[in-house]
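A.B. asks: To start, I am sharing the structure in question, which I have written as structure tokens.
The values are calculated or read from the model by the stated rules, or taken from the named source; none is laboratory data. For clarity, every value in this text was computed on a predicted model and none was experimentally measured. Glycine gets a Cβ as well: all are built from the backbone with ideal geometry, and neighbour counts include every protein chain shown.
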């Protein structure tokens, strides 16, 4: 699932007429970078949620787009804007799209730039064999988030891997890329029904922290190129460097 419903207030005026995931970085939209990378990894069924100017995203990709490598994809849309008048935040949006998703699925934000990230079947298989409810990729803290989000500590259940702990002394930034298990968004962890029929807005961080407190979130550090394209200045900087 690619999250593409946000308004992108900090990116104005660029997002007044263009949804943030369609802003171009180095010659193609941010969202296209993710779609191409998912296809290279063998993931051809993609769900995109939309709200602000979501019709532009639908017009750009359609139901069966081709990636840069001419790989055919199947794209489904969760139209939060059309259904509820606006974005439902991360957890609310995921639960809204849950009927379109499988038991295990990727979640990634459409407004980050991570051109070298590999969406691998091995990562999915490793996660499937675990007992965790989610596996997150963390990144070194950028200047705009120096305090970080979550910490890393040894995972007692899987030696050699790491566990995200929100109370660890050294914290890293959540890349907004992760693997999730459907049951994290079901009772007893989450109370909204699948499909979120009432359109309840719900953030993801409290749910992650609850699962972390129960030792059910694993994580690893990603040190490749990564940027949260949150301001026009960051976008300009990315387009000035190769």
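A.B. asks: Which of the residues that make up the range 119-143 are exposed (fewer than 15 other Cβ atoms within 10 Å of the Cβ), part of a helix (DSSP H, G or I) and in contact with a strand residue (DSSP E or B) (Cβ under 7 Å, 6 or more places away or on another chain)?
C.D. replies: Scanning the range 119-143 gives a single hit, 128.
A.B. asks: Among the residues that make up the range 205-228, is at least one of them in contact with a helix residue (DSSP H, G or I) (Cβ under 7 Å, 6 or more places away or on another chain) and in a loop (DSSP other than H, G, I, E, B)?
C.D. replies: Within the range 205-228, not a single residue is in contact with a helix residue (DSSP H, G or I) (Cβ under 7 Å, 6 or more places away or on another chain) and in a loop (DSSP other than H, G, I, E, B).
For (1) at pLDDT below 95; (2) over 21 Å from residue 87 (Cβ atoms); (3) in a loop (DSSP other than H, G, I, E, B), each residue gets a yes or a no:
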residue: 108; (1), (2), (3): no, no, no
residue: 156; (1), (2), (3): yes, yes, yes
residue: 184; (1), (2), (3): no, no, no
residue: 200; (1), (2), (3): yes, no, yes
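A.B. asks: While we're here: Regarding residue 163, is this residue part of a strand (DSSP E or B), touching a helix residue (DSSP H, G or I) at 6+ places or on another chain (Cβ under 6 Å) and surrounded by 20 or more Cβ atoms within 10 Å (Cβ to Cβ)? Don't jump to the end; show me each part of the working.
C.D. replies: Values: part of a strand (DSSP E or B): yes; touching a helix residue (DSSP H, G or I) at 6+ places or on another chain (Cβ under 6 Å): no; surrounded by 20 or more Cβ atoms within 10 Å (Cβ to Cβ): yes.
No; evaluated as a whole, the condition is false for this residue.
A.B. asks: Which condition number in (1) farther than 24 Å from residue 111 by Cβ; (2) not in a strand (DSSP E or B) is the one that residue 196 fails?
C.D. replies: Every listed condition holds for residue 196 apart from (1).
A.B. asks: If you take the residues in the range 185-204 that are surrounded by fewer than 18 Cβ atoms within 10 Å (Cβ to Cβ) and touching a helix residue (DSSP H, G or I) at 6+ places or on another chain (Cβ under 7 Å), which one is farthest from residue 155 (Cα to Cα)? Spell out how you get there, then give the answer.
C.D. replies: Filtering the range 185-204 down to residues surrounded by fewer than 18 Cβ atoms within 10 Å (Cβ to Cβ) leaves 186-189, 191, 193-195, 197-201, 203.
Right, trim to touching a helix residue (DSSP H, G or I) at 6+ places or on another chain (Cβ under 7 Å) and you get 189, 194-195, 199-201, 203.
On the way: 189: 21, 194: 30, 195: 33, 199: 36, 200: 34, 201: 32, 203: 26 Å.
Checked the range 185-204; the qualifying residue farthest from residue 155 (Cα to Cα) is 199.
A.B. asks: When you look at residue 112, is it touching a strand residue (DSSP E or B) at 6+ places or on another chain (Cβ under 8 Å), within 27 Å of residue 224 (Cα to Cα) and surrounded by fewer than 18 Cβ atoms within 10 Å (Cβ to Cβ), yes or no? Please lay out each step first, then the result.
C.D. replies: Values: touching a strand residue (DSSP E or B) at 6+ places or on another chain (Cβ under 8 Å): yes; within 27 Å of residue 224 (Cα to Cα): yes; surrounded by fewer than 18 Cβ atoms within 10 Å (Cβ to Cβ): no.
Against the criterion (touching a strand residue (DSSP E or B) at 6+ places or on another chain (Cβ under 8 Å), within 27 Å of residue 224 (Cα to Cα) and surrounded by fewer than 18 Cβ atoms within 10 Å (Cβ to Cβ)), residue 112 does not qualify.
So that you can scan it fast, the table gives a plain yes or no per residue for (1) at pLDDT below 90; (2) surrounded by 22 or more Cβ atoms within 10 Å (Cβ to Cβ); (3) in a helix (DSSP H, G or I):
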position: 3; (1), (2), (3): no, yes, no
position: 18; (1), (2), (3): yes, no, no
position: 38; (1), (2), (3): no, no, yes
position: 49; (1), (2), (3): no, yes, no
position: 70; (1), (2), (3): yes, no, no
position: 77; (1), (2), (3): no, no, no
position: 91; (1), (2), (3): no, yes, yes
position: 96; (1), (2), (3): no, yes, yes
position: 99; (1), (2), (3): no, no, yes
